[in-house]
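What follows is calculated from the coordinates using simple rules that are stated; it is not laboratory data. From a predicted model like this one, the values you see are computed outputs, not experimental measurements. Every residue, glycine as well, gets a Cβ built from its backbone with ideal geometry; the counts of neighbours run over all protein chains shown.
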Amino acid sequence: MQQIALDIGISHGPSVANFFAGPNVAALQHVQFWLGSKAASALRSPVPTYFWGPSGSGKSHLLKAAREGLREQGAVVGWLDSTVLSPPEFDERWAAVVMDDVHLFTASQQHIAFNWFVHAQTLQRPVLAAGEWSPTELKLRDDLRTRLGWGHVFGLQLLTEEQSRAVLRQAADARGLFLSDEVMDFTLRRFSRDLGSLMELLDLLDRYALQTKRAITIPLIKSMLETA
């Protein structure tokens, strides 16, 4: 049965706190250490970081968590992904540059990304980036590809079914929700098991159950899908 991916976004926003690391604990620890505290921001390493792996492995979650962590410290961050069609010029106020889905960058976006990279290196500002492929496999201009790969590189993996079940159970318990084994089996068969989709699914189930004043059961999930 084809799994359903929920393309609605994570309601509470990606953060290091709500990232279930699973096999990607080294990447999470790197971001936690990298963020540090506002007082330690002057000592933040300018060495670039690159995350790669399949869709749903948590790359974008980590980048957005890093961006939000910096914003909470009062920093301004430059952001570029494949949907940004008219990127701004590099801003010297930026504390870091973050680039997502680099494997989808057009020629003009690659030009801007390289320009941002050069300015960031000159000013000793860190760059965090992510894409689906390892640096050597990226079909990008050579000067950008080599820069993405010369620093910290982390290959991310998808959660296993057991890890996905643990994520769902842990998040449900935190909300005071009861998910039976039958509901768990149904949701993991029917929905995408990446972290973002699981958290969004749980949020939708929580709200729908409150709205209808019903327990979370398979019939409730089917009813929710029919009314979506």
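Odds and ends about this structure:
- Listed candidates (1) 1.02; (2) 0.94; (3) 0.97 - label of the one calculated as Rg/Rh (Cα atoms, Kirkwood Rh): (1)
- Percentage relative contact order, the range 98-163, counting C-alpha pairs under 8 Å, at least six apart: 37 percent
- Least to most buried among PHE178, PHE114 (fewest other Cβ within 10 Å first): PHE178, PHE114
- Within the chain, the selection of entire DSSP H helices by a Cα span of 30 Å or greater along the long axis and an average Kyte-Doolittle value of at least 1.6 returns an empty list.
- In a DSSP loop and with at most 16 other Cβ atoms within 10 Å, there are no GluC sites (Glu not before Pro) in the range 177-227.
- Qualifying trypsin sites (Lys or Arg not before Pro) in the range 93-171, where qualification requires a DSSP coil assignment and no more than 16 other C-beta atoms within 10 Å, comprise ARG93, LYS139, ARG141.
- Using the Cβ-Cβ distance between SER82 and ARG214 with R0 = 41 Å, the FRET efficiency computed as 1/(1 + (r/R0)^6) comes to roughly 0.55.
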